[in-house]
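The values are calculated or read from the model by the stated rules, or taken from the named source; none is laboratory data. Keep in mind that what you see is a predicted model, and the values were worked out from it rather than measured. Reconstructed Cβ throughout: ideal geometry from the backbone, glycine too, with neighbour counts over all protein chains shown.
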Amino acid sequence: MQDHLKGLIITALGVLCLVPDSLFVRLIEADALAIAFWRGLVAGTLIGLFVIARMGVGAFGEVLRAGWQSHVYILLFGLSAPGFVLAISLTSVANVVFILASMPVFAAIFSRIVLGELVSARMVWTMLGVFAGLAILILGSQENEATSLAGDLVALGVSACFAAALTAVRAARARSMLPAVPIALIGAALVIALFVDVMAPFSAFWPLLIGHGMFIALASGLMVLGPRYLGSAEVSLLILLETVLAPLLVWAVLGEDPGVWALFGGGVVITVLVLSNLVVVMRLRRVTA
């Protein structure tokens, strides 16, 4: 029970550190890819130092030699990180986080394709509910000047991309992919630096750029440690906190109204996911009892 409580606290703190992510992107008035560069470079460096302290320098070589799973994870995670920043720059924060909440659905689809896992009846109903909510949200993008179909599609691509990366992690079984995270983040940052003037926003926004990366690094570290003591359904429920709180924070600070369609469609997505994960939690508790 003590470990379970510890897991809840650590994971919740990790999720709360993710909440300001979208707000940082909004506050930094710069090219989206330049923001993504600093976000990836700072977070990747700090996570890399954490990996060295806990696992040693050799951990990076081990993950690079781990096979196709680690290479796929690095590539997809590296694409997802700047993709998130780009999506935020193109559409509303509410649309992005609600769309990203569909990640478990994409993960179930990829697990069926790649790992041959069966899709349960519960997950089929979850998929139908989530996709219905996303359809409402995306169709309603035409009614809000703060949103755009292009941004929604980028967010949808990021959700699918990250879900595929998580599937690669599951294919790797017991191997820790934490050393792959800084490789992906710093690698993506270096690629961005070839095409974008990444120094342009630094003099005016360096405190926000550094702080942004620090929040991401802290969230990543806590989200690696906390879920070790929890079930996947409980972790999924806690992650939904970020989906709810991130648009509310941006709304409160910057007055970015999510719009009726986003709130309705996002509400459908969150409700379906909460109910789906509660079913799993209740089943597990009955089995334990």
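At-a-glance table
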quantity	calculated
Counted residues, segment 193-215 - those being assigned to a loop (DSSP other than H, G, I, E, B), surrounded by fewer than 17 Cβ atoms within 10 Å (Cβ to Cβ) and not charged (D, E, K, R)	4
Verdict on Leu23 being surrounded by 17 or more Cβ atoms within 10 Å (Cβ to Cβ), at pLDDT 90 or above and either touching a Ser or Thr at 6+ places or on another chain (Cβ under 6 Å) or not small (Gly, Ala, Ser) (or both)	yes
Condition met for Gly221 (assigned to a helix (DSSP H, G or I), within 16 Å of the chain's Cα centre (by Cα) and under 18 Å from Glu29 (Cα atoms))	no
Residue satisfying all of: in segment 81-96; crowded, with 24+ Cβ neighbours inside 10 Å and not hydrophobic (A, V, I, L, M, F, W, C); nearest to Met177 (Cα to Cα) among these	Asn95
Elements of type helices (runs of 4 or more DSSP H) contained in segment 9-127, each with 2 or more residues being under 28 Å from Glu234 (Cα atoms)	21-27, 32-55, 68-90, 93-100, 103-115
Residue in segment 203-213 that is hydrophobic (A, V, I, L, M, F, W, C) and within 14 Å of the chain's Cα centre (by Cα) present	no
Unmet criterion (only one of (1) over 15 Å from the mean Cα position of the chain (by Cα); (2) within 25 Å of Gly213 (Cβ to Cβ); (3) surrounded by fewer than 18 Cβ atoms within 10 Å (Cβ to Cβ)) for Gly157	(1)
Test for Glu62: is it over 28 Å from Val42 (Cα atoms) and not polar (S, T, N, Q)	no
Failed item in (1) buried (at least 19 other Cβ atoms within 10 Å of the Cβ); (2) closer than 25 Å to Ile35 by Cα, with Ile138 passing the rest	(2)
Residues located in segment 29-70, provided they are of a type in the set (A, V, I, L, M, F, W, C), closer than 26 Å to Leu115 by Cβ and buried (at least 19 other Cβ atoms within 10 Å of the Cβ)	Val63
Qualifying residue in segment 230-245 (condition: in a helix (DSSP H, G or I), surrounded by fewer than 20 Cβ atoms within 10 Å (Cβ to Cβ) and at pLDDT 85 or above)	yes
Residue in segment 96-111 that is under 23 Å from Val191 (Cβ atoms), touching a residue at least 12 places away in the same chain (Cβ under 8 Å) and more than 18 Å from the chain's Cα centre (by Cα) present	no
Which listed residue is in a helix (DSSP H, G or I), at pLDDT 90 or above and not basic (Lys, Arg), from Ala150, Ala165, Ala189	Ala189
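Let's see how each residue does on (1) under 20 Å from Val224 (Cα atoms); (2) modelled with pLDDT under 95:
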residue	(1), (2)
Glu29	no, yes
Ile35	no, no
Arg39	yes, no
Gly56	yes, yes
Glu62	yes, yes
Arg65	no, yes
Tyr73	yes, yes
Val96	no, yes
Phe106	no, yes
